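What follows is a set of notes on a single structure, which appears directly below.
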Amino acid sequence: MSDLEAPLRPKRKKVWVDYFVKFRWIIVIFVVLPISFTIYFLTYLGDVRSEMKSFKQRQKEHDENVKKVVKRLKQRNPSKDGLVCTARKPWIAVGMRNVDYKRARHFEVDLSAFRNILEVDTERMIAKCEPLVNMGQITRVTVPMNLALAVVAELDDLTVGGLINGYGIEGSSHKYGLFSDTVVAYEIVLADGRVVRATKDNEYSDLFHAIPWSQGTLGLLVSAEIRLIPIKEYMRLTYKPVVGNLKDLAQGYIDSFAPRDGDQDNDEKVPDFVETMIYSPNEGVCMTGRYASKEEAKKKGNVINNVGWWFKPWFYQHAQTALKRGEFVEYIPTREYYHRHTRCLYWEGKLILPFADQWWFRFLFGWLMPPKVSLLKATQGEAIRNYYHEMHVIQDMLVPLYKVGDALEWVHQEMEVYPIWLCPHKLFKIPVKAMIYPEPGFELHRRQGDTQNAQMYTDVGVYYAPGPVLRGEVFDGSEAVRRMENWLIENHGYQPQYAVSELNEKNFWKMFDAGLYEHCRRKYGAVGTFMSVYYKSKKGRKTEKEVQEAEQAHLETAYAEVDDQP
């Protein structure tokens, strides 16, 4: 058996859940899609109503809502009430991990009113947003102004708060880093009710660097000031096929955006946007984009593709045509490009609705797409959720750029999932050690893609049913994820916390660094008020007693084993 040959697995006996999942499309078409469309429309009307108010009025309402949050926090009796969490229903979150901690005794704080864009400052090039502002909302406001957030996550429903406290990446992250790297200031309500503004240079700089990846366990985020960049009306996108083995595909991907001479900060050599999709162990398509003016896009001979129209082929399938057509170039309206994966949820839509990519469905019903992820979660019970945990993979592996080939081979051997999404991002070297950090001494190696102040990483996005499941073979999803997490720890990689994790506490703090996070937990009174990030992220149900006992032990022994590591 060759190194890349998948291991032989016995056939798996089908159970009733298999048949329910197979015909789940009936519920999706007749229940989830109509409700999703209605919710999207009503949300749009709410956003328009908000946009009709002046920034001054929105700021006034924001200040009043912050006062309500402070008042609510001060009503909590630590000896009687549970740990603080938001009043947002568990199924509403876009992430795939369980949020069963909200079923335990807890103290809710309602943040549902924090969904407004408070300011677009064209002089400071800053957008001030509340945490429930989503990507569709912000691009609808800024793109007509020829402005955009430096990092715009692809799916419309992803929110500012989720991308900051969790994980946010886009095709521009090889220039600007992760979403949280583009934030200039956070407005946070601390456990004691104080409202503070944290920046990288003020007295709360430690809190500023600790908030990303903290999952809202240091305080309640009520607004953020985020960097804007100038943009143009179109994206000039080049599709380039790559063939060979997985190491060849990885090198083709690296060469698409990382100059071999090391001049990574040269805008003339580095495209504005980058992503690659690996369709098989031997084929992939690299896409690089540069902003282009309306005048350039409409020049004679140029092809304009409005990929956002409901009847258009799904983006990943359109990109795949480069494998037969060869390299080609087209112009896509910028906002439509930003949200190119929204309609089909990357390629998950193919599993949810097997025929939704057909021309007749797209033409007749494509305007109803996509189903809201929150509604999909709401319509699955415990058995269905467990089925997806075992028979489905929705994971991102953040790995150093030079290890992408190894990661692709590992995914093929262990999961055999295609397509695979590749998207690079800078991991900056900062004055303190945050939860995620570059490899020590990376700048001395001068590897392709790295600079003196940032190591280039890549998101290896693994989203689909594994090959063994599609062939009806036995597959242990939990064990596969466990092996993936061990591989990431060994290779200085990271697993975004939105995903279902099998990490125990010891391994969680092997993957992430606890120092700054724990310092801020103690300094700002989060211990005993907010659940720790490990317990908030861990798989399975959490009882209030379990969390309180863990918090007590947290101060004494939780990191002892980490400290002993070489």
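The values are calculated or read from the model by the stated rules, or taken from the named source; none is laboratory data. Bear in mind the structure is a predicted one, so any value in this text is a computation, not a measurement. Neighbour counts are summed over all protein chains in view; Cβ atoms, including those assigned to glycine, are modelled from backbone coordinates with ideal geometry. Only protein heavy atoms, including side chains, enter the accessible area calculation; ligands, DNA and RNA are left aside. Shrake-Rupley method; radii C 1.70, N 1.55, O 1.52, S 1.80 Å.
Using a Cα-Cα cut-off of under 19 Å, which lysines could be cross-linked to Lys426, ignoring same-chain neighbours fewer than 8 residues away? Those lysines meeting the cut-off are Lys175, Lys200, Lys269, Lys403.
Listed by chain and number, the aspartates and glutamates whose alpha-carbon sits under 12 Å from that of Lys56, ignoring those within fewer than 8 places in the same chain, are Glu119. Largest accessible area first, the listed residues Trp359, Trp509, Trp25 line up as Trp359, Trp25, Trp509 when surface is computed with a 1.4 Å probe on the assembled protein chains. The heavy atoms of Trp310 present about 90 square angstrom of accessible area, all protein chains included, probe 1.4 Å. Which FRET efficiency, nearest 0.05, do Lys506 and Gln317 yield, Cβ-Cβ r, R0 41 Å? Working from the Cβ atoms, E equals 0.45. Over the chain, dividing the summed -39,500 (n - 2.57) contributions of all DSSP H runs of at least 4 residues by the number of residues returns a 222 nm mean residue ellipticity of -9000 deg cm²/dmol. With all protein chains kept in place, the per residue accessible area of the chain amounts to 43 square angstrom at a probe of 1.4 angstrom. The gain in end-to-end length when the Ala383 to Tyr44 segment is fully stretched comes to 118.7 nm, 0.36 nm per residue minus the alpha carbon separation. Taking amide H atoms as placed 1.01 Å from N in the peptide plane, the amide H of Leu147 lies under 5 Å from those of Ile231, each 5 or more residues away in sequence or on another chain.
With the full set of protein chains in place, find how many percent of the accessible area of the chain is carbon and sulfur; take the probe as 1.4 Å. About 54 percent, which is the carbon plus sulfur part of the accessible surface. Using the Karplus relation 6.51 cos²θ - 1.76 cosθ + 1.60 with θ = phi - 60°, the per-residue 3J(HN,Hα) values for the stretch 276-287 come to 9, 10, 9, 8, 7, x, 10, 9, x, 10, 8, 10 Hz, with x marking Gly and Pro.
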